[in-house]
Amino acid sequence: MPEMTVQVRWPDGLFRQYYSPSLVLHDHLAPGWYRVDDFRSRATTALEEASARVRAKYGFACTSAAASAEAIADDAARHPDSAEVEVISMYPPLPTPTASTRALASLRPGSTSGEKES
């Protein structure tokens, strides 16, 4: 199971890095700005999913995912919900698609052949 980290900058300028035992954080977050309450909610949901994946594979929850969720909740509690937190990086990044954007742009909705409309 690939693990990952996410680095954030809190509204007070504090940088933090959080661990996940799964790449599932990519399903909930991307680099950019989030309201504190939205970031906390997305990150907590993702870390709960990551821990569930560990439980399904190994038979026990991931205490590191729980510790990351607790640290995020503690850090978020120091800021107003409406303040903004920045997700600076997510490592490792998701693999880049092998298809070129030109080829993808030529696909018609519902088409998988790659033929251009005439």
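Read-outs throughout are calculated quantities, based only on the coordinates presented, and are distinct from any laboratory measurement. Owing to the predicted nature of the structure, the values given are computational and were not obtained by experimental measurement. Positions of Cβ are generated from backbone atoms using ideal geometry, with glycine treated the same way; all protein chains shown enter the neighbour counts.
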Worksheet item: According to a simple spin-label model (label point 7 Å from Cα along Cα-to-Cβ), what is the distance in nm between L14 and E49?
Response: 2.7
Worksheet, complete the sentence: Expressed in nanometres to one decimal, the distance between label points 7 Å along Cα→Cβ at D38 and A67 is 3.0
Worksheet item: So what are the ³J(HN,Hα) numbers for the range 80-88, from phi and the Karplus equation (6.51, -1.76, 1.60; θ = phi - 60°), rounded to whole Hz, Gly and Pro as x?
Response: x, 4, 7, 5, 10, 10, 10, 7, 7
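So between S89 and T5, what do we pick up on full extension, going 0.36 nm a residue minus the alpha carbon distance?
Working: separation 84, 0.36 × 84 = 30.24 nm, distance 0.82 nm.
Extending this stretch completely gives an extra 29.4 nm.
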Worksheet, complete the sentence: Rg (one decimal) and Dmax (whole number) from the Cα set of the range 1-73, in Å, equal 11.9, 39
Item to complete: For the range 1-66, state which chymotrypsin sites (Phe, Trp or Tyr not before Pro) are in a DSSP loop and have at most 10 other beta carbons lying within 10 Å of their beta carbon.
Response: F60
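Please identify every one of the GluC sites (Glu not before Pro) in the range 1-66 that sits in a loop by DSSP and has no more than 16 other beta carbons within 10 Å of its own beta carbon.
Details: sites: E3, E48, E49; in loops: E3.
Within the range 1-66, the qualifying GluC sites (Glu not before Pro) (loop, at most 16 other Cβ atoms within 10 Å) are E3.
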